[in-house]
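In what follows, a structure is listed as C-alpha cells, so that the remarks can point back to it.
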RNA sequence: GGUCCCUUCGUCUAGUGGUUAGGACGCUGGCCUUUCACGCCGGAAACACGGGUUCGAUCCCCGUAGGGACCGCCA
C-alpha cells in the first residue's frame, strides 16, 4: 500500500509555523516512502476564508519547497460529496434532523456550566423522528453509545481510549445546509484514499468521533499521528495577535515572515524538523537527509518552545554552505529593499563569500553590503569617535599615498601597501586597520581589511580615506 | 469544571533497569587574530515532586503538582 498523506489548512489567515511543520512532516513522510502529498483547502467557513489567505498559504509552501502531488482541492467545490454522505447517513438512520435552535443550545450549555456539569448535547431531537417539512433544522450524527470505547493507536502518542458515553451527537450540516468540519474531513480523507492523517495535537480530541463517522460510512479509519504543539518563546500558545511583541524577540508566527526577515527556507525547514523530531545528536540536515531519515518514531510527544536564537544560528550555518547562486538569488530582494544590487560575476561572489559567515540573516548581509554598493550608508557614531582620531591621520595619509601609487589593485598589492606603511611608521597593523575599516564601511566590524579595500576598489577607497582624513583633523 | 495529552540543563533534545546522564542553541573562560565572525579548547547548567515494584530506578506502575488541548450551526 502506498502512503497517501494530506495537508489541510483552513484559509482564515497566513500559514503559521505550527501549520508549516505539520505540512513538512506530512511531506517528509510522503517523500520518504514514495507516497503522495495532497493539498486540500478547508474553506467551508465562508465567513472567514479569504482568497488572500489561500494565496499566502500556497506561497508559503512554495517558499519552503513543500511541493504537493495532488490538489489544491477546495472543500467548497466538493459540497455534493458531503451532501451525498449526509444523505446516506440519514437513510441508514446514522444521522437525524435536529430542530434545537442556537438559542436553546446556548441556554443548555450555560446551565451546564453554571451547575459545573460537562455539557453534552442531550439528544432532544435524537428520537423525535423529524422530517423535512420546511422548518429549519440541522443534521446531527447519531453517535453510537453501545459499542463501548473507541480505541486507536496514535503514531505519536500511543494508545488512545475514549468512552463513547462522552461522545455527543455532533452537527454535520448547518441550518443553511453546508456541511461542517468533522464530516468533511472524514468524507474527504476516505474519498482521497488518505492512509495517514498527520496533524496537530489540537485534533486529538476530535479523532474518536471521526472514527465513529468512518465506521458509520463503512470505511476503514486511516492511521493517525498527532504532532505536539509549538508554543511561543514565552511558553504560551502561539497568538497571531501578539506579532508586535514577538517581533521584538526575532520571532514571528507567520511562516512567510521568515522570508522577509532574511531566513533561508531550508534553515526554517531544518529548524522545524528538529522541533519535535530528532535523529540522535544530529542538528544539521540536508533536505536529502531529512527525507531519508524521517520517521514518525522519531517524533516526540511534548510541546516545544520556539527558540529564535537557535534558528538564527542554524540560518548562519545554512548560509555558510549554501551555493553562491542560491544565496545571490535570495539576497537580491533584500538588497533591492535598500536600493542597491550586487555586481555580476566574481566581484559579487567575493562580496557574498566574505560576508556569509558573519551574517545571521540575508537582511543582515544586505546591511553589510550596502557600503560596497553605494555611497549612501550610515556611519556608526561610536566607531567614528573611537577610531577616526587625529593620532591615526599620519598612518592613513601614508596609506593613501601608497595606494595611489599602485598600478595593480589586487588583494596582494593592497596587503603589501598596508604592511609597508605599518613598518615605515613603526606602528601596528591594528592601528591602521581599524580607522580604515570605519572610514570605508562606517563600522568597526567587517571582513579582513585587505579584502575590504580590495573589494571596495581603488577609487572608492581613496575617496573615503580622504574624507576620513578631514574628519580626523 | 469534564475529558484527553504532556513533563531530562534557560531552550531544542539523546539516552538506559546499573552511564562521570550525551549533543546543540544560548551564556561564559581561553586560543586564533587587523575588527567582527568562523574555527578550536574549556566551564556553569537537567532527570518536577511523593509513593510503590526491584538488589538497584531518570527509565516500569500509581498518585500529586505544573503546563497544554478540546468541550461551536470554527477548522
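The values are calculated or read from the model by the stated rules, or taken from the named source; none is laboratory data. These figures come from a predicted structure and were not determined experimentally. Neighbour counts are summed over all protein chains in view; Cβ atoms, including those assigned to glycine, are modelled from backbone coordinates with ideal geometry.
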Name every residue in region A:173-190 that is surrounded by 15 or more Cβ atoms within 10 Å (Cβ to Cβ) and either at positive phi or more than 9 Å from RNA strand B (Cβ to nearest atom) (or both), in order of residue number. A:186, A:187, A:188, A:189, A:190
Could you pull out the residue among A:23, A:30 that is in a helix (DSSP H, G or I), crowded, with 24+ Cβ neighbours inside 10 Å and away from RNA strand B (no atom under 15 Å from the Cβ)? A:30
Only one of A:410, A:457 that is closer than 16 Å to residue A:369 by Cβ, loosely packed, with under 15 Cβ neighbours inside 10 Å and either in contact (Cβ under 8 Å) with a residue 60 or more places away in the chain or more than 9 Å from RNA strand B (Cβ to nearest atom) (or both): A:457
Take the conditions part of a helix (DSSP H, G or I) and within 50 Å of the chain's Cα centre (by Cα) and apply them to residue A:421. Does it pass? no
Being within 14 Å of RNA strand B (Cβ to nearest atom), over 20 Å from residue A:8 (Cβ atoms) and not in a loop (DSSP other than H, G, I, E, B): is that true of residue A:215 here? no
Could you tell me whether residue A:160 is in contact with a strand residue (DSSP E or B) (Cβ under 6 Å, 6 or more places away or on another chain), over 30 Å from residue A:137 (Cα atoms) and assigned to a loop (DSSP other than H, G, I, E, B)? no
Answer yes if at least one residue in region A:72-80 is within 12 Å of RNA strand B (Cβ to nearest atom) and free of Cβ contacts under 8 Å to residues at least 60 places away in the same chain, and no otherwise. yes
State whether the residues of region A:377-394 include one that is surrounded by 18 or more Cβ atoms within 10 Å (Cβ to Cβ), modelled with pLDDT of 95 or more and outside any helix (DSSP H, G or I). no
Identify the residue in region A:134-155 that is surrounded by fewer than 16 Cβ atoms within 10 Å (Cβ to Cβ) and over 24 Å from residue A:200 (Cα atoms) and, among all such residues, is farthest from RNA strand B (Cβ to nearest atom). A:146
Among the residues of region A:60-114, count how many are closer than 30 Å to residue A:258 by Cα and out of contact with any strand residue (DSSP E or B) (no Cβ under 9 Å at 6 or more places or on another chain). 4
Checking the condition away from RNA strand B (no atom under 14 Å from the Cβ), surrounded by 16 or more Cβ atoms within 10 Å (Cβ to Cβ) and under 18 Å from the mean Cα position of the chain (by Cα), which residue from A:274, A:312, A:330 passes? A:330
With respect to residue A:158, is the statement that it is on the phi > 0 side of the Ramachandran plot and within 8 Å of RNA strand B (Cβ to nearest atom) true? yes
Examine region A:431-440 for a residue that is without any contact (Cβ under 8 Å) to a residue 24 or more places away in the chain, in contact with a helix residue (DSSP H, G or I) (Cβ under 8 Å, 6 or more places away or on another chain) and either within 9 Å of RNA strand B (Cβ to nearest atom) or in a helix (DSSP H, G or I) (or both), and state whether such a residue exists. yes
Name the single residue, out of those in region A:358-374 being touching a residue at least 40 places away in the same chain (Cβ under 8 Å) and over 23 Å from the mean Cα position of the chain (by Cα), that is surrounded by the most Cβ atoms within 10 Å (Cβ to Cβ). A:372
